[in-house]
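Values in this text are rule-based calculations from the coordinates and carry no lab data. If you're wondering where the values come from, they're calculated on a predicted model, not measured in any experiment. Cβ coordinates were reconstructed from backbone atoms using ideal geometry, including for glycine residues, and neighbour counts include every protein chain displayed.
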Amino acid sequence: MSGDDRREYDGYARLGLDRSGQAEAFDAIGDRYDEAFPHKEGQLAAGEWLASSLPPGSRILDVGCGTGLPTARQLAEAGHKVVGSDLSPGMLALARTNVPDAEFHLGDLADLRDGRLGREFDGIAAFFTLLMLPRPEIPHALHMLHALLRPGGLLALSMVEADVDDFSIPFLGNTIRVSGYLRDDLRDVVTQAGFEIAGENSLAYAPASTDVPPEIQIFLNLRRA
Ligand SMILES: C[S@@+](CC[C@H](N)C(=O)[O-])C[C@H]1O[C@@H](n2cnc3c(N)ncnc32)[C@H](O)[C@@H]1O
């Protein structure tokens with residue numbers, strides 16, 4: 001991250017990041033998350049792009065890694081060095097059990113901007129994580145991920161297509177706040193953060209639980225320009 005970008009995110013964060021209830025919801029959801037979202041063909045395909053585009057032994061950050069399934073495990077099984085991070089202690093406990101070969105850290109993704117988990121990552125996975133942020137924060141988070149990658153490094157990003165900002169939804173017996181973009185706007189936001197779009201896939205996804213509505217998932221395969 002250039003000094004200017006870091007200062008911008010610092011300035012935004014000083015206004016106060018409201019994460020209230022987000023980690024608690026995921027602590028309560030635990031492994032019901034994986035039961036509600038089975039058959040993750042889109043995520044597995046995007047993870048496979050990331051895993052196979054990098055030489056084995058590459059350093060990959062899985063930001064908002066959740067239970068570690070399927071992505072941290074997929075990347076570790078492909079021979080990569082996986083660093084996972086998440087705001088929810090409950091999700092991280094599951095991830096540590098599910099993927100003993102990866103390393104996991106508790107924390108807010110916004111705090112990664114100081115390089116505490118390292119820089120010059122070869123790849124980053126951010127599957128359905130940035131949608132947990134208020135929309136004005138998402139460009140800052142993308143700039144930060146850009147800065148945490150080495151030049152030419154890869155970002156596998158997924159979001160749910162929706163024109164909403166910090167919108168409360170019922171989610172598996174809890175309430176979470178989510179944000180999203182329509183796909184053209186999402187393309188603009190990632191491009192403005194300095195990424196080239198190397199691939200894109202979108203699909204309709206029906207969760208196994210009626211507690212979560214059907215959604216359109218967008219997967220972008222991105223390269224640090
Ligand atoms: C929808 S889940 C996706 C989990 C995983 N990436 C996957 O695709 O299976 C979102 C995850 O982001 C985590 N999260 C939410 N806000 C976060 C934040 N500010 N910093 C880090 N992790 C966060 C949640 O605890 C949760 O595990």
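A few remarks follow.
- Of all residues in the range 66-82 being away from the ligand (no atom under 12 Å from the Cβ) and assigned to a loop (DSSP other than H, G, I, E, B), the one that is nearest to the chain's Cα centre (by Cα): H80
- Conditions (1) basic (K, R); (2) farther than 18 Å from L109 by Cβ; (3) within 11 Å of the ligand (Cβ to nearest atom); number of the one not met by R32: (3)
- Residues of the range 103-132 satisfying the condition of being of a type in the set (F, W, Y) and within 7 Å of the ligand (Cβ to nearest atom): F127, F128
- Tally of residues being within 11 Å of the ligand (Cβ to nearest atom) and buried (at least 23 other Cβ atoms within 10 Å of the Cβ) across the range 44-62: 3
- Annotation: of all residues in the range 114-133 being surrounded by fewer than 21 Cβ atoms within 10 Å (Cβ to Cβ) and more than 14 Å from the chain's Cα centre (by Cα), the one that is nearest to R223 (Cα to Cα) is D122.
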